[in-house]
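The values are calculated or read from the model by the stated rules, or taken from the named source; none is laboratory data. From a predicted model like this one, the values you see are computed outputs, not experimental measurements. In this analysis, Cβ positions are derived from the backbone assuming ideal geometry, glycine residues included, and neighbour counts consider all displayed protein chains. We work out accessible area using only protein heavy atoms, side chains counted, and drop any ligands, DNA or RNA first. Shrake-Rupley method; radii C 1.70, N 1.55, O 1.52, S 1.80 Å.
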Amino acid sequence: MNKYSDRLQRLSYSQTFVMSNKAREMKAAGIDVISLTLGEPDFDVPANIKQAAIDAIHENYSHYSPVPGFLELRQAIAHKLKRDNNLEYKPQQIVVSNGAKQSILNVLAAIINDGDEVILPAPYWVSYHEMVKMMGGKSVFIETSIEDDYKMTAAQLQAAITPKTKAVLYSSPCNPSGSYYTRAELKAIAEVIAKHPQITVISDEIYEYINYDGEHVSIAEFPEVYEQVAVINGMSKAFAMTGWRIGYSASPEWLSGACEKIQGQMTSGANTVAQRASIVGLNTDPAEYRYMIDSFRERRDLVYNLLLEIPGLKVNLPKAAFYFFVDITHYLGKELAGKLIKDSDDFAMFLLEQAQVACVGGVSFGDPSSIRFSYAASEADLRTAMQRIKDCLIQYS
Ligand code: PMP
Ligand code: GLU
């Protein structure tokens, strides 16, 4: 008998962590690798949030919180959703978890039966497809490309729906493409969803604030689908708190109660000190943390201009988040440094070995002809990395 569960065997390793670990190991071995792999803000946690965590320790917030999170935190989240998104949620509709990742998993665990279909517009964030598999579901992909700004249309969504469709899961702003859906696009998508009451939309809005030129819109703003939407968000990207592990879902009560039930058996809830600190982050005027977004924008512009000088790459100017998703079709099927480049994972490995720049191949994002760079790195590293890639690729173009 196999020791491992079928569930485990279906699962792949998270490619974001695989590549960042590889870069870390190479650095430890003395190789000068620049890692543009993991997507996380490179800022320190703002001082007022740090102080709130220190205070929480001194005030002995050391016992379990309620399973869905402290009431005060859920009130702060409800206040934020009203202030920033014009969304009405009561505290009992909010479940605070160990990161947005767990919030998504809670929702999937609450609604997915074996064989249920979950629609994923591709490219999608690496963990979505794996989480769907973990829960016994089946991913149904909607292909998008650089030509359509990596966004599905309402017509494509309609065509992908079957009687087995249980959920649609996407991020807007999108990791990896850096695109976001406009109000008009989401309205059209909402009209399709409203016709299928068995479908839940899992709307991952973790990059909400990192939007350079437009309005962030949540699909939950459309009343006709409010009862069908789980909004996912968290502190990781907003307040550079990735390691503190606080995320949340806001959803109709039929779903929030189910997420709480699951969480009560899985983790008992999230870290209390980080929860107390999150209250302060949420209650601070977002303008105070704007310096992070301004800095990301400067780096986006820098990297965009440098990427345009590199032969054979097709680049879209990302409008949000902190990634470049670069089309490398030009190099597919070619032999580079004696190795055939079959897909973008091969190309990412080639760049790591030949240019000492680590990125993530697009295969696990559902796009085998693109690679992802995170530009949440220092300007000096970004300049050196782009120069190295250029010097390397110039020999092969
Ligand atoms: N959704 C997306 C689109 C992400 O890029 C990430 C990466 N951190 C997450 C969710 C998970 O965030 P958290 O750290 O809150 O688990
Ligand atoms: N969201 C980040 C990324 O996509 C962090 C890694 C992860 O959670 O997979 O790189």
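Can you tell me which residue within region 60-101, out of those that are of a type in the set (S, T, N, Q) and open to solvent by 20 Å² or more (accessible area, probe 1.4 Å), is nearest to ligand 1 (Cβ to nearest atom)? Reasoning before the result, please.
Of region 60-101, the ones of a type in the set (S, T, N, Q) are 60, 62, 65, 75, 85-86, 92-93, 97-98.
Imposing the further condition that a residue be open to solvent by 20 Å² or more (accessible area, probe 1.4 Å) reduces the set to 60, 62, 75, 86, 92, 98.
Details: ASN60: 26, SER62: 23, GLN75: 20, ASN86: 22, GLN92: 22, ASN98: 7 Å.
For region 60-101, the residue satisfying everything is ASN98.
The condition (being within 16 Å of ligand 1 (Cβ to nearest atom) and either open to solvent by 30 Å² or more (accessible area, probe 1.4 Å) or touching a strand residue (DSSP E or B) at 6+ places or on another chain (Cβ under 8 Å) (or both)) is satisfied by just one residue among VAL107, VAL140: VAL107. Any residue that is modelled with pLDDT of 95 or more, under 18 Å from ALA377 (Cβ atoms) and under 20 Å from the mean Cα position of the chain (by Cα) - is there at least one of those in region 230-238? Among the residues of region 230-238, at least one is modelled with pLDDT of 95 or more, under 18 Å from ALA377 (Cβ atoms) and under 20 Å from the mean Cα position of the chain (by Cα), which makes the answer yes. Got at least one residue in region 95-113 being under 25 Å from GLY281 (Cα atoms), part of a strand (DSSP E or B) and away from ligand 2 (no atom under 16 Å from the Cβ)? Checked against the condition, which is being under 25 Å from GLY281 (Cα atoms), part of a strand (DSSP E or B) and away from ligand 2 (no atom under 16 Å from the Cβ), region 95-113 yields at least one hit.
Among the residues of region 301-333 satisfying the criterion of being more than 16 Å from ligand 1 (Cβ to nearest atom) and small (Gly, Ala, Ser), which is least open to solvent (accessible area, probe 1.4 Å)? Give the steps one after another, and end with the answer.
Let us first name the residues in region 301-333 that are more than 16 Å from ligand 1 (Cβ to nearest atom), namely 301-317, 326-333.
Those still in the list that are small (Gly, Ala, Ser) too: 312, 333.
Numbers: GLY312: 31, GLY333: 58 Å².
The residue in question is GLY312.
The listed residues are SER374, SER370, SER344, and the only one of them that is under 22 Å from the mean Cα position of the chain (by Cα), open to solvent by less than 10 Å² (accessible area, probe 1.4 Å) and under 15 Å from ALA23 (Cβ atoms) turns out to be SER374. Looking at (1) in a loop (DSSP other than H, G, I, E, B); (2) open to solvent by 10 Å² or more (accessible area, probe 1.4 Å); (3) within 16 Å of ligand 2 (Cβ to nearest atom), can you tell me which one PRO163 breaks? Just one mismatch for PRO163, condition (3). Each residue in region 32-50 was checked for being in contact (Cβ under 8 Å) with a residue 24 or more places away in the chain, over 22 Å from the mean Cα position of the chain (by Cα) and open to solvent by 70 Å² or more (accessible area, probe 1.4 Å), and 2 of them qualify.
Of the listed requirements (1) out of contact with any strand residue (DSSP E or B) (no Cβ under 6 Å at 6 or more places or on another chain); (2) open to solvent by 20 Å² or more (accessible area, probe 1.4 Å); (3) within 16 Å of ligand 1 (Cβ to nearest atom), TRP125 misses just one: (1).
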